[in-house]
1. Can you give me the number of residues within the range 101-117 that are over 23 Å from the mean Cα position of the chain (by Cα), in a helix (DSSP H, G or I) and small (Gly, Ala, Ser)?
2. I'd like the residue in the range 29-44 that is of a type outside the set (A, V, I, L, M, F, W, C) and open to solvent by 50 Å² or more (accessible area, probe 1.4 Å) and, out of all such residues, is modelled with the highest pLDDT.
3. Take the range 128-160 and flag every residue that is polar (S, T, N, Q), in a helix (DSSP H, G or I) and within 20 Å of Ile35 (Cβ to Cβ).
4. Take the residues in the range 132-151 that are more than 20 Å from Pro93 (Cβ to Cβ), charged (D, E, K, R) and out of contact with any Gly (no Cβ under 8 Å at 6 or more places or on another chain); name whichever of them is least open to solvent (accessible area, probe 1.4 Å).
5. Would you mind stating whether Arg193 is within 17 Å of Gln128 (Cα to Cα) and among the basic types (Lys, Arg)?
6. Going through Ser129, Ser170 one at a time, which residue ends up being within 25 Å of Ser200 (Cα to Cα), of a type in the set (Ser, Thr, Tyr), more than 16 Å from the chain's Cα centre (by Cα) and open to solvent by less than 100 Å² (accessible area, probe 1.4 Å)?
7. Can we say Ala47 is crowded, with 17+ Cβ neighbours inside 10 Å, modelled with pLDDT under 90, in contact with a strand residue (DSSP E or B) (Cβ under 8 Å, 6 or more places away or on another chain) and aliphatic (A, V, I, L, M)?
8. Would you mind stating whether Ala111 is open to solvent by 10 Å² or more (accessible area, probe 1.4 Å), farther than 29 Å from Ile261 by Cα and in contact with a helix residue (DSSP H, G or I) (Cβ under 6 Å, 6 or more places away or on another chain)?
Amino acid sequence: MRALVPALLLLAGCGQAGSAPSATLAERPADRPTIVSLNPCTDAMLAEIAGPQQVLALSHYSRDPAARSMPANLARRYGVTGGTVEEVLALDPDVVVAGAFLAPSARAAFADFGIRVETFGIASSVEQSLGQIERLGDIAGNQAAARRSTGRVERAVAQLKDGAGTNAVSTVLWQSGGIVPGEATLVSDLLRRGGFASHSQALGLGQADFLPLERVLSDPPDLLLVAGAERAQHHPALAEVANLRVETIDPALLFCGGPTIARLAARLQDLQQ
């Protein structure tokens, strides 16, 4: 029955318009499962662990400049799916990799057709992200590639200068919407490793709390990292604050682990100069 699903759904017009063609059965590695990713963070990790013949589709976020966690030229090597059950069934993968909030109805539908589902939460530390890469390596049947990926992350993090203690730089990361990250987040973990002390925590702010411009002006950090496009975040008054260094940071570096960690670590290393 499952073997008939792709043909039946494609005849019914359920395929993803404009997506790259998936690998044919002859191209699929016989000893490794085929995979569809529905999560932007697992998109980037899978691209390092498995190739286009094994990964039948990434999430549509991989083509969205505001949401992707991987370079556009790399994302274009893969097909994409909008994430509907019908699209995924049409691709007939062995495994679906999704976020922790996958709808129970979707999970049940995949299970009915014998498709294995693996879900991943949001990594809140470098160690958690490394564990996710290793787990994806097990799922994809390519532990060697996963080890290479974790090695790249570990080397990038190790290159951050340890500026903790008296040399710590009071820092605010001002994200889209004018909010700040909490301490139990991956980006905060990397900032601490690089010697950037959380000024928003010192102000009593937690995860996703709003930081108004007036608070920044009245109690500024040493370093303000702007990762948003709100008017307040680019207000000319910021340039008038004595000893306030303002830098921008790509919002795409802030929410996913895996290869994104290496890119964020490189940016933080630049800021340490």
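The values are calculated or read from the model by the stated rules, or taken from the named source; none is laboratory data. Keep in mind that this is a model prediction, so the values were computed, not measured. Glycine also receives a Cβ, built like all others from the backbone with ideal geometry; neighbour counts cover every protein chain displayed. Note: accessible area is taken over every heavy atom of the protein model, side chains too, but ligands, DNA and RNA are not part of it. Shrake-Rupley method; radii C 1.70, N 1.55, O 1.52, S 1.80 Å.
1. The qualifying residues number 4.
2. Checked the range 29-44; the qualifying residue modelled with the highest pLDDT is Arg32.
3. Ser129, Gln132, Gln143, Ser149, Thr150 - these are the residues of the range 128-160 that are polar (S, T, N, Q), in a helix (DSSP H, G or I) and within 20 Å of Ile35 (Cβ to Cβ).
4. The extreme case among them is Glu134.
5. Yes; evaluated as a whole, the condition is true for this residue.
6. Being within 25 Å of Ser200 (Cα to Cα), of a type in the set (Ser, Thr, Tyr), more than 16 Å from the chain's Cα centre (by Cα) and open to solvent by less than 100 Å² (accessible area, probe 1.4 Å) holds for just one of Ser129, Ser170, which is Ser170.
7. Considered against the rule, which asks whether it is crowded, with 17+ Cβ neighbours inside 10 Å, modelled with pLDDT under 90, in contact with a strand residue (DSSP E or B) (Cβ under 8 Å, 6 or more places away or on another chain) and aliphatic (A, V, I, L, M), Ala47 comes out as no.
8. It is false that Ala111 is open to solvent by 10 Å² or more (accessible area, probe 1.4 Å), farther than 29 Å from Ile261 by Cα and in contact with a helix residue (DSSP H, G or I) (Cβ under 6 Å, 6 or more places away or on another chain).
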